[in-house]
Every structure is written in C-alpha cells, then in structure tokens.
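The values are calculated or read from the model by the stated rules, or taken from the named source; none is laboratory data. As the structure is a computational prediction, the values presented were derived from the model and not from experiment. Glycine gets a Cβ as well: all are built from the backbone with ideal geometry, and neighbour counts include every protein chain shown.
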Amino acid sequence: MRVIYTITRSRRRTLAIHIKSGGVVEVRAPLSLGKSEIERFVSAKTDWIEKKQAQIAAPCELPPSRFTDADFELVVRELVKIWEQRLDVEVAFIGIRKMSSRWGSCTTKTRRIRLNSALKYCSRECLEYVIVHELAHLRENNHSSRFWAIVSGVLPDYKARQSKLRMLQWILNAQRGNQ
Ligand SMILES: [Zn+2]
C-alpha cells in the first residue's frame, strides 16, 4: 500500500514522520529537500506507519460526532449549494442514510446524491470532499483521469482528505466487527 501523507516544511534539518489523530500522516521536512528523497524516506517507513495507524484505530471507538443530525443536514445542504455553483451542476435530490460500504453515491440520470450518515463523524473538510466527489460525477460519470482532474482542480489536497476518511472507515469497520 502506498502511504498518503502531507508535507509540512520548516527550517528543520531532519525528516520526521508524525502520525496525527485519526491516523493522518504528516511528514516534517527541511525547506529544500526534494520530493523523491521524502518519498524514499516514507516508503522505507511504511511498516512502522501502518502499525502506528492500526494502534490509533485499535480502540475501535467512534469519535464523538462533530455534528448533530440537524446541523449535519444543514452543513450538507450548504456545501452542496456552494459546490453546485463552483462545479456548474445541479442536484435534484440529496439523501442521507446509513450506508455500509461507501461514503456517497451519485445517480447521474436522476441527479440524486446519497451520503452516508456516518459522515457526521468526520470533519467538514472530509464531508466536503465526498460532496465534491459525488457532484463531480455529474460532470464525469466515471473515475477516469478526467474525473480526478476535476476533483484535484478544485480540491488540490483531496488525497489528504481521502486518507482521513479511510481512517474513519477503519474505525467503523472495526466497530462493526466487534458487534
Ligand atoms: Zn466516485
């Protein structure tokens, strides 16, 4: 598995990896160090990173939800409205419900999007990513490079958001396994 991480540069002299809450990987690097060197450093540490991430996910407890149900729906509607304009698309219906294996779905023919109600446990930025993803399907109904170009064009840090969601997915799966 390729590790997804964010890079924070500063006047430090050495490289360091920090696993933040939620299992997000942050690499702290000197200002001028090349990307390939950072990549090499991270791939050498893959095992260690995955072990740490698993330890973080291990308590299998859901984080407290960030939104009440009512707030969650409001935030969803607000974000959908913003991104309908930015992506120049129109959504006919937004459904929020429990989904077992995905964060969202989009039926392009009827312009319906459905969102997993467990997204209320994630941050606004992750929720935003899922909404952008589903709305982008109204422009490109597949996961082609054209689709990802739309997503990365409007959310350049979408991969970091994806990796946070993956952590939440682990916790949800582990919880389901415990029941
Ligand atoms: Zn998709």
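Here are some notes:
- Leading residue by the ranking (nearest to the ligand (Cβ to nearest atom)) among those in segment 133-157 that are closer than 23 Å to THR6 by Cβ and touching a Lys or Arg at 6+ places or on another chain (Cβ under 9 Å): PHE147
Every residue, every condition in (1) of a type in the set (Lys, Arg); (2) surrounded by fewer than 11 Cβ atoms within 10 Å (Cβ to Cβ); (3) in contact (Cβ under 8 Å) with a residue 12 or more places away in the chain; (4) part of a loop (DSSP other than H, G, I, E, B), yes or no:
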{"position": "ARG9", "(1), (2), (3), (4)": "yes, no, yes, no"}
{"position": "ARG13", "(1), (2), (3), (4)": "yes, yes, yes, yes"}
{"position": "PHE41", "(1), (2), (3), (4)": "no, no, yes, no"}
{"position": "ILE49", "(1), (2), (3), (4)": "no, no, yes, no"}
{"position": "LYS52", "(1), (2), (3), (4)": "yes, no, yes, no"}
{"position": "ARG66", "(1), (2), (3), (4)": "yes, no, yes, yes"}
{"position": "VAL75", "(1), (2), (3), (4)": "no, no, yes, no"}
{"position": "GLU78", "(1), (2), (3), (4)": "no, no, no, no"}
{"position": "ILE82", "(1), (2), (3), (4)": "no, no, no, no"}
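- Residue list for segment 61-100, filter: more than 17 Å from the chain's Cα centre (by Cα) and of a type in the set (Gly, Ala, Ser): ALA70, ALA92, GLY95
- Residue within segment 123-132 that is away from the ligand (no atom under 12 Å from the Cβ) and exposed (fewer than 15 other Cβ atoms within 10 Å of the Cβ) present: yes
- If you go through segment 84-94 and keep only what is in a loop (DSSP other than H, G, I, E, B) and away from the ligand (no atom under 16 Å from the Cβ), you end up with ASP88, GLU90, ALA92.
- Residue within segment 104-117 that is more than 16 Å from the ligand (Cβ to nearest atom) and either among the acidic types (Asp, Glu) or within 23 Å of GLY22 (Cβ to Cβ) (or both) present: yes
- VAL76 vs. criteria more than 21 Å from PHE147 (Cβ to Cβ), modelled with pLDDT of 90 or more and hydrophobic (A, V, I, L, M, F, W, C): yes
- Screening ARG97 against (1) within 16 Å of the ligand (Cβ to nearest atom); (2) more than 25 Å from ILE150 (Cα to Cα) leaves a single unmet condition, (1).
- Residue pairs meeting the criteria (Cβ under 6 Å; at least 6 apart or on separate chains; first farther than 19 Å from LEU79 by Cα, in segment 98-117; second away from the ligand (no atom under 12 Å from the Cβ)): LYS98/SER117; MET99/ASN116
- Near pairs, Cβ below 7 angstrom, 6+ apart or cross-chain, from segment 131-152 (of a type in the set (Phe, Trp, Tyr)) to any residue that is assigned to a helix (DSSP H, G or I) and within 12 Å of the ligand (Cβ to nearest atom): PHE147/ALA136
- Among the residues of segment 79-107, those that are of a type in the set (S, T, N, Q) and modelled with pLDDT under 95 comprise SER100, SER101.
- Residue match in segment 104-112 (condition: closer than 29 Å to ALA54 by Cβ and within 13 Å of the chain's Cα centre (by Cα)): yes
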